[in-house]
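Structure, as C-alpha cells:
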Amino acid sequence: MRGEIKDAALAPSGVLRVEWADGQMPVLRRIRERFARERPLEGVRVGACLHVTTETANLVRTLVAGGAQVALCASNPLSTQDDVAAALVVEYGVPTFAVRGEDRTTYYRHIQQVLDTRPHLTLDDGADLVTTLHRERTDVLPGVRGGTEETTTGVVRLRAMARSGALRYPIVAVNDAKTKHWFDNRYGTGQSAVDGILRATNVLLAGRTVVVCGYGSCGRGVAARARGMGAHVLVTEVDPLAALEAVMDGFPVVPMAEAARRGEVFVTVTGNRDVIRREHFEVMRDGAVLANAGHFDVEIDVAGLRALSTRTRRVREHVEEFTLPDGRRLYLLAEGRLVNLAAAEGHPAAVMDMSFANQALCVEWLVRSAGELAPRVYPVPEEIDRQVAALKLEAMGVRIDQLTPEQRRYLESWEEGT
Ligand code: ADE
C-alpha cells in the first residue's frame, strides 16, 4: 500500500460512495470510457492536490484509465473523506496522502510527497501545490509541462505569479470555463454551503436573517439557495458591479457594520481576508452563526474572535461556541474552513461532473499541446467548454435547436438592419 491515509479498512465503504457519485457523473464516465480505449495519457505522471472526495476519486479513475500515474494529496486539511482516501489506495491503486483533520505540517508534508513523484502535470485547487513547487521544489520544475487550477482563489494567485514573472509553466484556469463557474460555483457552492450549515447546526433558515458576504458566482448561489429556504438575505460587497447585481436580484445590500448587527447566520464567500473581524464580533447578536465558504480560512478572523472571548467550547461536531465578555455567544462552524466540505460532502457529484470533465479534457489538451505553450495562465479552450455542455445536456436528455442556414448567415452578416 502506498500513501498515507487514516485507515485502509474504510476502503469498502469508500468504494460504495465513489460508485454512487459515479452514477451522477455521466459526462466524466463517457470521457473515462474513451480514455480507456485511446490511452491519451500513457506514461504521464500527474500530481494532484484536490479535495479528496468521491467526485475527485472519479476524476482520478478517469486519468488512470487514460494511462496516467496519479499521486493525490488534499487541498484542505478538513475536506478529506477518509473512506475515499482508503478506497483510492486499496481499491484503485492510487498513492494518496490525506488524513482528515491533518495539521498544517502534515498537510505540507503530503504536498511534498506528491512532488516527490516528480509529476509532469499538476492539478491544483487553491494553488498550494504550485506555490510549494515554485518555492521549495525547483528540482522538480524542469520536468513539469503544465497544470490546471480548479478554483477562483487559485487562479487569482496564479495570475499574480504570472504578472510578477514567477510562474514557470503553463496552467489552465479550469475555474474560468463557463461549464465550471456558471454551475459549480453557483449551484454547487450554493447548495453545499447551505447543506454544511444545516448539517452542522440544524437551524431553521425560514424567517432567519442570513448575511452573504461577497456576491461573486459563489455568493450568488448561496444567497439564492438561502432565499429559497425562506431566509431574509442581506448581501455585503466591496465591488460596485457585484453590489448592483445583488440589488437588482432583489437583495438588500448593506455595509458589513450594519449587517453585523442584523445577521443571525453569516456566510463569507469573498476570497479575501478579515471580512468578519473584531469590530463586527463586538456588535453581533447573541447566538449568531459564522460560516465560511471561501477557499481559505482567512475570511473570518478566528484568532481575533478567540482573543476576544472569555470561554470557548465545542458544542456539536462542527460547532465551536465563543463566549464574549458581556455573555453573548457566537458559533463558529468548521473552524472557519470551507463549511461545505468540512461539515458536508462538498458540491454534489452532478455538478462536479462538469468541473471534472473540464479537468480531464484539459489534462488531455495539455499533454497534446504543452510543448507549444508559454508559462502563463491559459483559458479553457472553447471547444472543451462547448463539448462539456453538449455532453451534459445529452446525458440529461435535453435537446436543443440548430441554427437554420438563413439564421447562420444573418448572424455572420452586417448588411441587414431596420
Ligand atoms: N470542491 C467543492 N466540492 C467538491 C467536491 N465534491 N469534490 C471535489 N472538490 C470539490
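The values are calculated or read from the model by the stated rules, or taken from the named source; none is laboratory data. Only a predicted model underlies this, so the values are computations on that prediction, with no experimental measurement involved. A quick note on method: Cβ atoms are made from the backbone with ideal geometry, for glycine too, and the neighbour counts reach across all protein chains shown.
Output the number of the condition that Gln81 fails; it satisfies all remaining conditions of (1) more than 11 Å from the ligand (Cβ to nearest atom); (2) closer than 30 Å to Val298 by Cα.
If we test Gln81 against (1) more than 11 Å from the ligand (Cβ to nearest atom); (2) closer than 30 Å to Val298 by Cα, just (1) comes out false.
Can you list the helices (runs of 4 or more DSSP H) found entirely within segment 9-115 that contain at least 2 residues being of a type in the set (Gly, Ala, Ser)?
Output list reads 11-22, 54-65, 82-90.
Among residues belonging to segment 262-313 that are surrounded by fewer than 22 Cβ atoms within 10 Å (Cβ to Cβ) and of a type in the set (S, T, N, Q), point out the one that is nearest to Leu158 (Cα to Cα).
Step by step, filter segment 262-313, then rank; the result is Asn272.
Hey, can you tell me all the residues within segment 107-154 that are acidic (Asp, Glu), surrounded by fewer than 23 Cβ atoms within 10 Å (Cβ to Cβ) and within 16 Å of the ligand (Cβ to nearest atom)?
The answer is Asp128, and nothing else.
In the set Ala98, Ala74, which member is free of Cβ contacts under 8 Å to residues at least 40 places away in the same chain, within 13 Å of the ligand (Cβ to nearest atom) and closer than 24 Å to Val339 by Cα?
It is Ala74.
From (1) of a type outside the set (Gly, Ala, Ser); (2) closer than 21 Å to Ala357 by Cβ; (3) within 16 Å of the ligand (Cβ to nearest atom), pick out the condition that doesn't hold for Ile171.
Just one mismatch for Ile171, condition (3).
For segment 199-216, which residues satisfy the criterion of being without any contact (Cβ under 8 Å) to a residue 60 or more places away in the chain and surrounded by fewer than 24 Cβ atoms within 10 Å (Cβ to Cβ)?
Asn202, Leu204, Ala206, Gly207, Arg208, Thr209 - these are the residues of segment 199-216 that are without any contact (Cβ under 8 Å) to a residue 60 or more places away in the chain and surrounded by fewer than 24 Cβ atoms within 10 Å (Cβ to Cβ).
Which count do you get for residues in segment 127-174 that are under 17 Å from Cys73 (Cα atoms) and under 17 Å from the mean Cα position of the chain (by Cα)?
Number of matching residues: 10.
Contact list please: Cβ distance under 8 Å, first residue in segment 401-412 and under 18 Å from Ala390 (Cβ atoms), second residue assigned to a helix (DSSP H, G or I), pairs at least six apart or on different chains.
Within 8 Å, the pairs are Leu403/Leu411.
Of the residues that sit in segment 1-20 and are surrounded by fewer than 18 Cβ atoms within 10 Å (Cβ to Cβ) and acidic (Asp, Glu), which one is nearest to the chain's Cα centre (by Cα)?
The selected residue is Glu19.
Is there a residue being within 13 Å of the ligand (Cβ to nearest atom), at pLDDT 95 or above and surrounded by fewer than 20 Cβ atoms within 10 Å (Cβ to Cβ) anywhere in segment 31-46?
no
Might you let me know whether segment 361-368 holds any residue that is within 16 Å of the ligand (Cβ to nearest atom) and either modelled with pLDDT of 95 or more or touching a Ser or Thr at 6+ places or on another chain (Cβ under 9 Å) (or both)?
Yes, that holds for at least one residue.
Among the residues of segment 17-36, is there at least one that is in contact with a helix residue (DSSP H, G or I) (Cβ under 6 Å, 6 or more places away or on another chain), more than 23 Å from Val144 (Cβ to Cβ) and among the small types (Gly, Ala, Ser)?
Yes, segment 17-36 contains at least one residue that is in contact with a helix residue (DSSP H, G or I) (Cβ under 6 Å, 6 or more places away or on another chain), more than 23 Å from Val144 (Cβ to Cβ) and among the small types (Gly, Ala, Ser).
If you take the residues in segment 314-359 that are crowded, with 20+ Cβ neighbours inside 10 Å and of a type in the set (Asp, Glu), which one is nearest to Thr122 (Cα to Cα)?
The selected residue is Asp353.
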